[in-house]
Amino acid sequence: MTSLQLSAKEEMVEKFLDAAARGDLSQVSALLTRVPSLLNQTGYSGWTALMLAARNGHYHVVEGLLSHGCDKFLVNSSSQTAYDVSKFWGHRHVSNLLSRTDEGCQRVLPGTDLSPQENYFSCEPLDRLSAKRTDKVWLEDRQSAPDTVYLLFSSLSPMVSSSQEEDGGAAAETKLCRFTYEAVKDLIQKPSAVLIFLGVERRKNRSSSSSSQEPPAWFAISSDEDAAELLKRCREKSCSFPKTPNRDLLNLNEEDAGVVAQARSVLAWHSRYSFCPTCGSSTRLEEGGHKRSCLNSDCSSLRGVHNTCYPRVDPVVIMLVIHPDGNHCLLGRKKIFPAGMFSCLAGFVEPGETMEEAVRREVEEESGVKVGPVQYVSCQPWPMPSNLMIGCLAVAISTDIKVDENEIEEARWFPRQQVIDSLFRGARPAFTVPPRQTIAHQLIRHWIHMNSNL
Ligand SMILES: NC(=O)c1ccc[n+]([C@@H]2O[C@H](COP(=O)([O-])OP(=O)(O)OC[C@H]3O[C@@H](n4cnc5c(N)ncnc54)[C@H](O)[C@@H]3O)[C@@H](O)[C@H]2O)c1
Ligand SMILES: [Mg+2]
Ligand SMILES: [Mg+2]
Ligand SMILES: [Mg+2]
Ligand SMILES: [Zn+2]
């Protein structure tokens, strides 16, 4: 391609982007009809036509570009989508248009930002069918069905297989090993085995209800048989039980991670609650492994509903605290973090405490900073062993830092640009953020996306 041809093409792109930025729908449409490939092009600024129209609140241009099938998830060099840009500049009608996922929901909750934020461990590929947990006949029937899927756990780790990259580098992908009933029925029969009904596969294509067959059911089995012996059951060579779940369970695909979030938390609860917490007697597993009932008929846990009989979840608040100047955020590091890593502050919610109060208390305890407004962003199941991470943004009303050295080694206000460098560019960032699978990472990203750097 000659430099002349290149500049003619560039000129066409700039003309198209300029029309979008000015809100000239007829010119945008005319250019697209002539050159359809302009749709997702970026110019010198790194912005698409959709971003520019969103920046200036040109609703009809945004609508027109969407109807041509443009990609609304493209990001500029600050990792903002057109939606982020329109939201920052207060063009609510445009951001509603860009976030629209379900018009019915928008009508019921007008003004609500319904763009989904999926965190790792949050995917629900199975329908839990909790009503079936008390149906023993149905459960037994599903247990031995030929298409039923079993996951095998040892010391709270699922058996996985890892494909290595060709040069022998890091594991490229980790997958859960799936077993049939025939392959594990001897394990199920052992008295020490813990069997959990996880749910049935959601039908991908709902209209294909012609098939009367039930979708495959999934179970998790925890076995105390020697791990090396268990591994012999798998035909794949590269299978293992990961030793460091905090790290190794972050390499699963989103769907497998969602299943592990449920299975590992329930199994961890069984391993920690072998006896009745009320009277210390032995207990019996019920309801597809989702309940433990006391064997002592006099125990008060058998009268009424007792939360000790059901798997526990610990709520934890995790927050990105923003400086009153709006341009810095507070991050801290624990001694156990890898060198150079800083993250959001976090802490367990205490009894009788609101989520907002837990945020204010934990931030003040750990950093000495006082917090005013708190806003919920999204949450994440964290199966180490069974936390629900409640992600919030919070605004500081004081800025002096005094860390609680028992918990935090250091806390600092980081300028926005340093955070952007760490997240997106940084050949040599001033610090590192936690991996993308953590809600801490997603909260930091969320704050950066909320702000446009024009
Ligand atoms: N997914 C993420 O991005 C992410 C990020 C940070 C923390 N986390 C998780 O959040 C959890 C809580 O954070 P934290 O350690 O800063 O909390 P924290 O600040 O409340 O301090 C933890 C201490 O509180 C006490 N504690 C109070 N209630 C407890 C409970 N129910 N279980 C265990 N200890 C309790 C213990 O002494 C413990 O050492 C961590 O264990 C970690 O697994 C997840
Ligand atoms: Mg704390
Ligand atoms: Mg903490
Ligand atoms: Mg605490
Ligand atoms: Zn009891």
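On the basis of being under 26 Å from Arg247 (Cα atoms) and either open to solvent by less than 90 Å² (accessible area, probe 1.4 Å) or at pLDDT 95 or above (or both), does Ser192 make the cut?
On the way: under 26 Å from Arg247 (Cα atoms): no; either open to solvent by less than 90 Å² (accessible area, probe 1.4 Å) or at pLDDT 95 or above (or both): yes.
Spelling it out, it is not the case that Ser192 is under 26 Å from Arg247 (Cα atoms) and either open to solvent by less than 90 Å² (accessible area, probe 1.4 Å) or at pLDDT 95 or above (or both).
Which pairs do you get when a residue that is more than 23 Å from Ser297 (Cα to Cα), found in the stretch 258-286, comes within reach of a residue that is open to solvent by 10 Å² or more (accessible area, probe 1.4 Å) and of a type in the set (Ser, Thr, Tyr), reach meaning Cβ atoms under 7 angstrom, with the pair 6+ apart or on two chains? As it stands, the answer is Gly258/Ser122; Ser265/Ser386; Leu267/Ser222; Ala268/Ser386, since those pairs meet every condition given.
Scanning the stretch 352-397 for residues that are within 10 Å of ligand 1 (Cβ to nearest atom) and of a type outside the set (A, V, I, L, M, F, W, C) yields Arg361, Glu362, Glu365, Glu366, Gln380, Pro381, Pro383, Pro385, Ser386, Asn387, Gly391. Residues in the stretch 233-257 that are modelled with pLDDT under 90, within 15 Å of Cys177 (Cβ to Cβ) and not acidic (Asp, Glu): Arg233, Cys234, Arg235, Lys237, Ser238.
Looking at the stretch 404-431, which of its residues are in a strand (DSSP E or B) and charged (D, E, K, R)?
Of the stretch 404-431, the ones in a strand (DSSP E or B) are 410-415.
Glu410, Arg412 - these are the residues of the stretch 404-431 that are in a strand (DSSP E or B) and charged (D, E, K, R).
Among the residues of the stretch 363-400, those that are open to solvent by 60 Å² or more (accessible area, probe 1.4 Å) and within 16 Å of ligand 2 (Cβ to nearest atom) comprise Glu364, Glu365, Lys370. Taken over the stretch 283-325, residues that are over 26 Å from the mean Cα position of the chain (by Cα) and closer than 30 Å to Ile397 by Cα amount to 2.
When residues in the stretch 329-349 are screened for being open to solvent by 10 Å² or more (accessible area, probe 1.4 Å) and away from ligand 2 (no atom under 16 Å from the Cβ), 4 of them pass.
Name the one entry in Gly352, Gly326 that is out of contact with any Lys or Arg (no Cβ under 6 Å at 6 or more places or on another chain), more than 16 Å from ligand 2 (Cβ to nearest atom) and open to solvent by 40 Å² or more (accessible area, probe 1.4 Å).
Working: Gly326 fails: open to solvent by 40 Å² or more (accessible area, probe 1.4 Å).
Answer to the selection: Gly352.
Taken over the stretch 8-28, residues that are of a type in the set (Gly, Ala, Ser) and surrounded by fewer than 15 Cβ atoms within 10 Å (Cβ to Cβ) amount to 2.
Among the listed residues Leu388, Leu443, which satisfies the condition of being touching a Cys at 6+ places or on another chain (Cβ under 8 Å) and assigned to a strand (DSSP E or B)? Give the derivation first.
On the way: Leu443 fails: assigned to a strand (DSSP E or B).
Going through Leu388, Leu443 in turn, just one is touching a Cys at 6+ places or on another chain (Cβ under 8 Å) and assigned to a strand (DSSP E or B): Leu388.
Going through (1) closer than 30 Å to Val149 by Cβ; (2) within 16 Å of ligand 1 (Cβ to nearest atom) one by one, Phe342 falls short only on (1).
Number of residues in the stretch 287-323 that are farther than 24 Å from Ala261 by Cα and touching an Asp or Glu at 6+ places or on another chain (Cβ under 8 Å) equals 0.
So in the stretch 258-282, with the set limited to residues that are within 16 Å of ligand 1 (Cβ to nearest atom) and in contact with a helix residue (DSSP H, G or I) (Cβ under 7 Å, 6 or more places away or on another chain), which one is modelled with the lowest pLDDT? Ranking the qualifying residues of the stretch 258-282, first place goes to Pro277.
The condition (being at pLDDT 90 or above and in contact with a Leu (Cβ under 9 Å, 6 or more places away or on another chain)) is satisfied by just one residue among Gly69, Gly43, Gly23, Gly64: Gly64.
The values are calculated or read from the model by the stated rules, or taken from the named source; none is laboratory data. In this text, all values refer to a predicted model and were calculated from it rather than measured experimentally. Cβ sites come from the backbone with ideal geometry, for glycine too, and all protein chains shown count toward neighbours. When the accessible area is computed, the model is the full protein with side chains, heavy atoms only, and any ligands, DNA or RNA have been set aside. Shrake-Rupley method; radii C 1.70, N 1.55, O 1.52, S 1.80 Å.
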